[in-house]
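Chemist: Sharing a structure with you now.
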Amino acid sequence: MDDRGESYVTGLALKGVSKRFGGTLVLDEVSLEVGADEFLVVLGPSGCGKSTLLRAIAGLESIDSGAIEIDGRRVDHLPPGKRGVAMVFQGYALYPHMSVRENIAFGLANIGVARQEIERRIAEVARMLEIEALLGRVPSELSGGQRQRVAIGRAIVKDPKVFMFDEPLSNLDAALRSRTRQEIANLHRRIKKTMVFVTHDQIEAMTLADRIVVMNQRRIEQIGTPGDIYSHPATLFVATFVGSPSMNILPVTRVPGGGALQRVRLGDGTEMNTRVPAGALPHDGTLRLGVRPEAVRLHPPADGRAAAVVEFVEFMGDKSFVYLSFGGEDRIVAAESASFAGRPGDSVGMEFDPAAAHLFDAEGRNHRRSS
Amino acid sequence: MIFVAPYLIVFTVLLVYPLISGMWLSLHKADLFGGSQFIGIENYLRLIRDEVFLQSVRNTCYFVLLTVPALTLIGLGLALALNNTSRRSAILRGLFFSSSVLSVTIVTLIWRMVLIPDGGLVANFLAAIGLPPIPFLSNARLALPAVAITTLWWCIGLPMMLFLAALQQVPAELYEAAALDNAGPWRTLFSITLPSIRRTAVVVAVIEIILQFQLFGQAQIMTLGGPDNASLPIVLFIYQIGFQRWDIGYAAAASEVLFCIILAAAMTQFFAARGRRKT
């Protein structure tokens, strides 16, 4: 979490923020710092509290305890318009009866920006987003992608300290989503402001983020770079939520006396080495082994190897995902080359890359060697 | 076709047929006992010369001017004030709508008790501050406004509910975007809320124009059109001609005139609103 360098300047800080709706806790002591030019993605399943977090920063929801600071100034008592934030909504929330020009100008006119200055800034934003030709239209005359641009333009024109995006790509089709993703990444490179982007889509999170915050059940599970989150998931939740297909999780038992590194036994009795120091693990309680599909290797069946049976093969073009049954109850996915020739019913031998194996304790904490 | 057939039959039998037969009837000298003689547009020529009828047209237009803008604006105001989830607003919404379920007889009885000079509510208030009672219903200038106030009280529920329904259709995200855009309460009202419910305002105005041109029960019970026809509306005129003087051909002609007036007024309002939307 502290790979942020010396030039790091905090743009947005949350300190122990909690929020309840009636008796239901929706944010539980959330603390977070975002750099002044950082692109932070908040990733989590529906109902994890990520949208509430965003709305609390924007001032659209009050908070019950804790503090929110933007540029070192406490803002949680200020109304939304005074916080220096701009938001791109999931449904864009363009004013339907106003033209694109009026939509973009609305926020500036409300704070008394001079007419000429408004015109100058609209022209600049329109050029940047290539929406000059749309300025006279109303939102109902725009396509989904065009509305998206106008919504972004409405945010940029206010020159806020913090940009917020609430699942802004979820209403676009796949091709447009990928293009818009790149445009948002470009935009961030150009304007270098704090951006907080909420999504449940891990591809958006991986491709856009400087750092990802993974949330689950009202709390932050892990904060880290996309590479960190993928390769060093801190918890079982992060391990299974990020990655597609998700990480294989198998119950294992300790093999005592294996030396400094923990040796484990799989459900079918096969043993394997890990790179997790035995001393770092709790002495009792269940252990679960986590292996990403690409760390599973398939071979012809042989003694000493775990034996699995191919259930079906998903051909992806550049590779194949092989779904296997193993030791009776366990299911495993392996990422194999596209030329994998196995067929459903075939027996195969299976090996896990020890360097890429994670061990999770009973609480779901990861004890994989951290380097 | 089979699904719209029942509606089509009812529509034809109860609306289209009476409309056409009414037009046909208005071209006859006819009474309720069967005698009928074709006289062309004679009934309409009579209407133009009939001072009582012209008076009733003026009365009705005045009444519509008194009630329709007020119903629309007050309905909108109430809806804006009560468009929230608090228990108090829920109770008040119920109260304001409750008068709409009363029959015209009850409503007018209540308002007679409020307005009569002899021991009425208003008269008692005036007496308490040392003023003489005002004879609302027997004063030629006050009778129609008194009927209008009664009508406002009776009819405010529908416009309020229509506006409430429209307000709840405005996406919450728009208000949130406006809050982030630094829009204050008035700016939000005029730039977000009102433009979003403009269609409903047109619908409310058109519905109320159609309803209030048909003023009948309140005037019939409270003033009988008096004093000196000062509160006589067109429908009461039609009723008196048709069912008290049995001159139904003439009454039918007056009905056709009313039909045309309502159609013209509603169309004017509708197209005016549509024209504004385009600019």
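Chemist: Say a paramagnetic label sat at a point 7 Å from the Cα of A:ASN171, along Cα to Cβ; which residues of the range A:90-111 have their backbone N under 15 Å from it?
Modeler: From the range A:90-111, the list is A:90-98, A:100.
Chemist: Ok, one more. Measure off 7 Å from each Cα along the Cα-to-Cβ vector at A:VAL138 and B:ARG187, then give the distance between these two points in nanometres to one decimal.
Modeler: 2.2
Chemist: Please report the orientation-averaged projected area of the range B:51-150, defined via the convex hull of its C-alpha atoms, in nm². Working shown, then result.
Modeler: On the way: hull surface 34.1 nm².
Mean orientational projected area (the range B:51-150, Cα hull): 8.5 nm².
Chemist: Treating only the Cβ of Lys, Arg, Asp and Glu as charged (+1, +1, -1, -1), what charge dipole size does the range B:92-197 show about its Cα centre? Round to the nearest 20 debye.
Modeler: Numbers: 4 positive and 4 negative charges, 73 e Å.
Once rounded to the nearest 20, the dipole reads 340 debye.
Chemist: To the nearest whole number, what is the average tally of beta carbon atoms from other chains within 10 Å of the beta carbons of peptide B:167-175?
Modeler: Working: counts 0, 0, 0, 1, 4, 2, 9, 6, 2.
Mean partner-chain Cβ count within 10 Å for B:167-175: 3.
Chemist: With a 1.4 Å probe and all protein chains kept in place, how do A:HIS77, A:HIS367 rank by accessible area, largest first?
Modeler: Working: A:HIS77 130, A:HIS367 35 Å².
Listed by decreasing accessible area, they come as A:HIS77, A:HIS367.
Chemist: Okay, moving on. If the cut-off is 28 Å between C-alpha atoms, which lysines fall inside it for A:LYS82, apart from same-chain ones fewer than 8 positions away?
Modeler: Once the sequence-local lysines are set aside, what remains near A:LYS82 is A:LYS15, A:LYS19, A:LYS50, A:LYS158, A:LYS161, A:LYS192, A:LYS193.
Chemist: Roughly what would the spin-label model give for B:ALA140 and B:LEU152, points 7 Å off Cα along C-beta, in nm?
Modeler: With each label placed 7 Å out from Cα toward Cβ, I get 2.5 nm.
Chemist: Here is a follow-up. Determine the dipole magnitude for the range B:175-279: charges of +1 sit on the beta-carbon of Lys and Arg, -1 on that of Asp and Glu, nothing else is charged, the reference point is the Cα centre, and the result goes in debye to the nearest 20. Numbers along the way, then the final one.
Modeler: Details: 8 positive and 6 negative charges, 99 e Å.
Charge dipole, the range B:175-279, about its Cα centre: 480 debye, nearest 20.
Chemist: Right, here's the next one. At 1.4 Å probe size, what's the solvent-accessible area of A:MET316? Round to the nearest 10 Å².
Modeler: 100
Chemist: Considering the options B:PHE271, B:SER21, B:THR223, tell which one lies farthest towards the positive end of the dipole of chain B, charges being +1 on Lys and Arg and -1 on Asp and Glu at the Cβ, about the Cα centre.
Modeler: Farthest along the dipole direction, towards plus: B:PHE271.
Chemist: While we're looking at this one, here's another question. What percentage of the solvent-accessible surface of the range B:223-279, computed with a 1.4 Å probe over protein heavy atoms, is contributed by carbon and sulfur atoms? Walk me through the intermediate numbers first.
Modeler: Values: 1840 of 2860 Å².
Whole-percent figure for carbon plus sulfur exposure: 64.
Chemist: Follow-up question, since we're still on this one. Just grab the label-to-label distance for B:LEU131 and A:LYS319, each label 7 Å out from Cα along the Cβ direction, in nm (one decimal).
Modeler: The answer from the label model is 8.8 nm.
Chemist: What average number of partner chain Cβ atoms lie no more than 10 Å from the Cβ of the residues making up A:88-97? Walk me through the intermediate numbers first.
Modeler: Working: counts 1, 6, 1, 4, 2, 9, 3, 9, 6, 7.
Whole-number average of other-chain Cβ neighbours for A:88-97 is 5.
Chemist: Can I ask one more? Under a 1.4 angstrom probe, counting protein chains only, how are A:LEU324, B:LEU65 ranked by accessible area, largest first?
Modeler: Greatest to least solvent exposure: B:LEU65, A:LEU324.
Chemist: Using the Cα atoms as the points, what is the convex hull volume per residue of the protein assembly as shown in Å³? Show your work: numbers first, answer last.
Modeler: On the way: hull volume 176.6 nm³, N = 650.
Cα convex hull per residue, to the nearest whole number: 272 Å³.
Chemist: Still on this structure, I have one more. Evaluate the charge dipole of the range A:72-138 about its Cα centre and quote only its size in Debye, nearest 20, assuming +1 on the Cβ of each Lys and Arg and -1 on the Cβ of each Asp and Glu. Could the numbers behind the result be given before it?
Modeler: On the way: 10 positive and 7 negative charges, 56 e Å.
So the dipole magnitude of the range A:72-138 works out to roughly 260 debye.
Chemist: Still on this structure, I have one more. With loop defined by DSSP as not H, G, I, E or B, and exposure as at most 13 other Cβ atoms within 10 Å, which is the longest segment of chain A clear of exposed GluC sites (Glu not before Pro)? Show your work: numbers first, answer last.
Modeler: Working: sites that count: A:GLU6, A:GLU130, A:GLU329, A:GLU363.
Longest stretch, sites excluded: A:131-328.
Chemist: Roll a 1.4 Å probe over the protein heavy atoms and report the accessible area of B:PHE136 in Å², nearest 10.
Modeler: 40
Chemist: Mind checking the angle between helix B:51-82 and chain B's longest principal axis? C-alpha axes, 0 to 90 degrees, to the nearest 10.
Modeler: Tilt relative to chain B: about 20 degrees.
Chemist: Which of B:LEU131, B:VAL10, B:LEU73 sits farthest toward the positive end of the charge dipole of the range B:1-148, with +1 on the Cβ of Lys and Arg and -1 on the Cβ of Asp and Glu?
Modeler: B:LEU73
Chemist: When the convex hull of the Cα atoms of the range A:4-77 is projected onto a plane and the area is averaged over all directions, what value comes out in nm²?
Modeler: On the way: hull surface 20.8 nm².
For the Cα atoms of the range A:4-77, the hull's average projected area reads 5.2 nm².
Chemist: Here's something else I'd like to know. Within a 10 angstrom radius of each residue's Cβ in A:105-112, how many Cβ atoms of other chains show up on average? Whole number is fine.
Modeler: Details: counts 1, 8, 6, 2, 5, 8, 3, 1.
Neighbouring Cβ atoms belonging to other protein chains average 4 per residue here.
Chemist: Go ahead and set up a Gaussian network model of chain A, Cα springs under 10 Å, then flag whichever of A:GLN116, A:GLN202, A:GLN217 fluctuates most.
Modeler: Residue with maximal mean-square fluctuation among A:GLN116, A:GLN202, A:GLN217: A:GLN116.
Chemist: Shifting gears a bit: Translational D (Stokes-Einstein, µm²/s) of chain A at 37 °C and 0.692 mPa s when Rh comes from the Kirkwood sum over C-alpha pairs? Walk me through the numbers on the way to the answer.
Modeler: Details: Rh = 23.2 Å.
It comes out at roughly 142 µm²/s.
Chemist: Can you give me the accessible area per residue for the protein assembly as shown, using a 1.4 Å probe, in Å²?
Modeler: Working: 32040 Å² over 650 residues.
Averaged over the residues of the protein assembly as shown, the accessible area is 49 Å².
Chemist: Okay, next question. Report the A-B buried area as the accessible area lost on both sides summed, probe 1.4 Å, in Å² to the nearest 100.
Modeler: Working: alone 17420 and 16300 Å², together 32040 Å².
Counting both chains, the buried surface is close to 1700 Å².
Chemist: Sticking with this structure for a sec: Just reorder A:CYS48, B:CYS155, B:CYS260 by solvent-accessible area, largest first, 1.4 Å probe, all chains present.
Modeler: Details: A:CYS48 0, B:CYS155 25, B:CYS260 80 Å².
The ordering from most to least exposed comes out as B:CYS260, B:CYS155, A:CYS48.
Chemist: Quick one: pull the percent of accessible area on the range A:68-115 belonging to carbon and sulfur, 1.4 Å probe, ligands and nucleic acids left out. Show your work: numbers first, answer last.
Modeler: Details: 980 of 1990 Å².
Carbon with sulfur: 49 percent of the solvent-accessible area.
Chemist: For every helix of n ≥ 4 consecutive DSSP H residues, a contribution of -39,500 (n - 2.57) applies; sum these over chain A, divide by its total residues, and give [θ] at 222 nm rounded to the nearest 500 deg cm²/dmol.
Modeler: Working: 8 runs with 85 residues, N = 371.
When only DSSP H runs of four or more count, the value is -7000 deg cm²/dmol.
Chemist: Treating the angle as unsigned and between 0 and 90°, give the value, to the nearest 10°, between the Cα long axis of helix B:143-155 and the longest Cα principal axis of chain B.
Modeler: 50
Chemist: Name the residue from A:GLN146, A:HIS77, A:ALA335 whose Cα lies farthest towards the positive end of the charge dipole of chain A, charges +1 on Cβ of Lys and Arg and -1 on Cβ of Asp and Glu.
Modeler: Selected residue: A:HIS77.
Chemist: Just give the residues from the range B:176-201 buried by at least 20 square angstrom of accessible area in the all-chains context relative to the isolated chain, probe 1.4 Å, and say none if nothing qualifies.
Modeler: Checking the loss per residue gives B:GLU176, B:ALA177, B:ALA179, B:LEU180, B:ASP181, B:ASN182, B:ARG187, B:SER191, B:ILE192, B:PRO195.
Chemist: Can you send over the solvent-accessible area of B:LYS29, 1.4 Å probe, protein chains only, in Å² to the nearest 10?
Modeler: So the heavy atoms of B:LYS29 present about 110 Å² to solvent.
The values are calculated or read from the model by the stated rules, or taken from the named source; none is laboratory data. Here the structure is a predicted model, which means the values were calculated and not measured. So basically every Cβ, Gly included, is an ideal-geometry build from the backbone, and we count neighbours across all protein chains shown. Surface areas here come from the heavy atoms of the whole protein model, side chains and all, with no ligands, DNA or RNA. Shrake-Rupley method; radii C 1.70, N 1.55, O 1.52, S 1.80 Å.
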